[in-house]
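Visitor: Below you will find the structure I want to go over with you.
The values are calculated or read from the model by the stated rules, or taken from the named source; none is laboratory data. All of these numbers come straight from a predicted model, not from anything done at the bench. Quick reminder, even Gly has a Cβ in these numbers, built from the backbone with ideal geometry, and neighbours come from all protein chains shown.
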Amino acid sequence: MNELAEFLGRYQPFSGATPEELDSLAGLASVLTFQPGAAILVEDGPVSPGAYVVRSGAVELVHDDEVVDVLDVGEAFGHPSMLTGRAPAFTVRARETSEVILIPAEAAVRRPCGPTATSAY
């Protein structure tokens, strides 16, 4: 298993994935770097292209120009917009220099692994 796959496997919702699923996700993922203040997603903007996971640094969730939460390493965002097809409810911006993993929507939807496993990562 490669380093990116191992990283994803340490955090929810990926911790239940098999090594093969993690390798597949990691192979399709992109690692993006954002400088402090850079917008990753924009409130009421375009639908998220996938699920994001903070790899290093931290990102802020901003609503009406107010920071409402800070996400740290291993935390995910963008999936509600991706899954609903609706604009993001928050602007997500880098709080500090941050690396985020983008898992494209097509890959972020978990393939059934058992009789009831149909949720998204």
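Visitor: Kindly provide the set of residues from region 19-38 that are in contact (Cβ under 8 Å) with a residue 40 or more places away in the chain, small (G, A, S) and crowded, with 16+ Cβ neighbours inside 10 Å, ordered by number.
Guide: Selection gives A29 alone.
Visitor: Kindly indicate the residue of region 45-79 that is exposed (fewer than 15 other Cβ atoms within 10 Å of the Cβ), modelled with pLDDT of 95 or more and charged (D, E, K, R) and also farthest from L8 (Cα to Cα) among those meeting that condition.
Guide: By that ranking, first place goes to E66.
Visitor: A further question on this structure: Please go through region 3-18 and give me each residue that is of a type outside the set (F, W, Y) and either surrounded by fewer than 12 Cβ atoms within 10 Å (Cβ to Cβ) or at pLDDT 95 or above (or both), ordered by number.
Guide: E3, L4, A5, E6, L8, G9, R10, Q12, S15, T18
Visitor: Going by the conditions given, is A5 in contact with a His (Cβ under 7 Å, 6 or more places away or on another chain) and under 13 Å from I101 (Cα atoms)?
Guide: No; evaluated as a whole, the condition is false for this residue.
Visitor: For region 57-103, how many residues meet the condition of being under 13 Å from the mean Cα position of the chain (by Cα), over 13 Å from I40 (Cα atoms) and charged (D, E, K, R)?
Guide: Residues flagged as under 13 Å from the mean Cα position of the chain (by Cα), over 13 Å from I40 (Cα atoms) and charged (D, E, K, R) within region 57-103 amount to 2.
Visitor: May I pose another question? Would you mention how many residues in region 80-112 are in a loop (DSSP other than H, G, I, E, B) and either at pLDDT 85 or above or surrounded by 13 or more Cβ atoms within 10 Å (Cβ to Cβ) (or both)? Let's see the steps before the verdict.
Guide: Initial filter on region 80-112 (in a loop (DSSP other than H, G, I, E, B)): 85-90, 95-97, 109-112.
If we keep only those that are either at pLDDT 85 or above or surrounded by 13 or more Cβ atoms within 10 Å (Cβ to Cβ) (or both) too, we end up with 85-90, 95-97, 109-110.
Selection size over region 80-112: 11.
Visitor: I would also like to ask the following. Does L4 satisfy being under 26 Å from A89 (Cβ atoms), in a helix (DSSP H, G or I) and either of a type in the set (K, R) or touching a strand residue (DSSP E or B) at 6+ places or on another chain (Cβ under 9 Å) (or both)?
Guide: Against the criterion (under 26 Å from A89 (Cβ atoms), in a helix (DSSP H, G or I) and either of a type in the set (K, R) or touching a strand residue (DSSP E or B) at 6+ places or on another chain (Cβ under 9 Å) (or both)), L4 does not qualify.
Visitor: Turning to a different aspect of this structure: Can you tell me which residue within region 40-64, out of those that are assigned to a loop (DSSP other than H, G, I, E, B) and acidic (D, E), is farthest from M82 (Cα to Cα)?
Guide: Only one residue tops the list, namely D64.
Visitor: Hey, any hits in region 32-39 for a residue that's in a loop (DSSP other than H, G, I, E, B), over 16 Å from E106 (Cα atoms) and among the β-branched types (V, I, T)?
Guide: no
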